[in-house]
1. Would you mind telling me the antiparallel percentage of the DSSP bridges in the chain, rounded to 5?
2. Return the long-range amide H neighbours of TRP23 (sequence gap of 5 or more, or a different chain), with a cut-off of under 5 Å between placed amide H atoms.
3. Roughly speaking, to the nearest percent, how much of the chain's 1.4 Å accessible area is carbon and sulfur?
4. From the phi of every residue in segment 84-89, what ³J(HN,Hα) in whole Hz does the Karplus formula 6.51 cos²θ - 1.76 cosθ + 1.60 yield, where θ is phi - 60° and glycine or proline is x?
5. With r defined as the distance between the Cβ atoms of TYR114 and LYS21 and R0 fixed at 41 Å, what FRET efficiency is calculated, to the nearest 0.05?
6. Starting at 0 and stepping by 5 Å, how many percent of the alpha carbon pairs of segment 58-99 end up in each bin?
7. Can you compute log10 of I(q)/I(0) for segment 78-127 with the Debye formula, treating each Cα as one identical point scatterer, at q = 0.24 Å⁻¹?
8. Give me the distance in nm between label points sitting 7 Å out from Cα along the Cα-to-Cβ direction at TYR122 and ASN44, one decimal.
Amino acid sequence: KEYIQKKNYNSSVFYKDLPQKKWSCVLLVNVLEYVKNTDVVFDNLSSHLTLDGSVVVVIANPWHPFIKFNSIRVLISKRSVSDINRSEPAFKIGSKEATDLFMKNSFKLVEKKYGLDYLNTYLKFKR
């Protein structure tokens with residue numbers, strides 16, 4: 001939060017304000033880790049994703065040293081420990097948990113890639 005305020009970024013997203021249209025691709029970049037009620041995500045996907053659409057999910061690997069150890073994150077990001085702790089995700093989610101969640105909601109995994117030395121996992125799902 002301190003970092004976001006210092007950079008004058010707006011971190012607010014209001015899903016109720018989404019335009020009433022459909023997209024062929026929806027990006028969920030570092031979103032699932034912060035969602036307390038995933039039903040809201042899937043309700044919005046069903047309303048805003050075309051029938052043949054894709055969902056690209058990017059999640060941080062919770063076991064990567066940069067994520068797991070706050071001291072490394074403080075050193076590299078120049079953020080305070082308290083800011084990092086306050087901005088921690090609601091829950092840790094790995095690629096298996098994300099895949100299971102999407103499969104439970106009638107999606108299939110069509111592509112999986114890793115980036116930034118396995119810091120991030122990129123998952124692509126289709127209905």
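1. On the way: 14 of 20 bridges.
Counting only bridges with both partners in the chain, antiparallel ones make up about 70 percent.
2. Distant-sequence amide H within range of TRP23: LEU49, THR50.
3. Details: 4850 of 8600 Å².
The C+S portion of the solvent-accessible surface of the chain is 56 percent.
4. Result, rounded to whole Hz: 4, 4, 5, 9, 4, x.
5. Values: r = 32 Å, r/R0 = 0.78.
Efficiency for this residue pair is about 0.80.
6. For segment 58-99, the binned pair fractions read 5, 23, 30, 23, 13, 6, 1 percent.
7. Values returned for q = 0.24 Å⁻¹ are -0.92.
8. Placing both labels 7 Å beyond Cα along the Cβ direction yields 2.2 nm.
The values are calculated or read from the model by the stated rules, or taken from the named source; none is laboratory data. Model, not experiment: these values are computed from the prediction. As a convention, Cβ positions derive from the backbone with ideal geometry for all residues, glycine included, and neighbour counts pool all protein chains shown. What goes into the accessible areas is simple: the full protein's heavy atoms, side chains included, and nothing from ligands, DNA or RNA. Shrake-Rupley method; radii C 1.70, N 1.55, O 1.52, S 1.80 Å.
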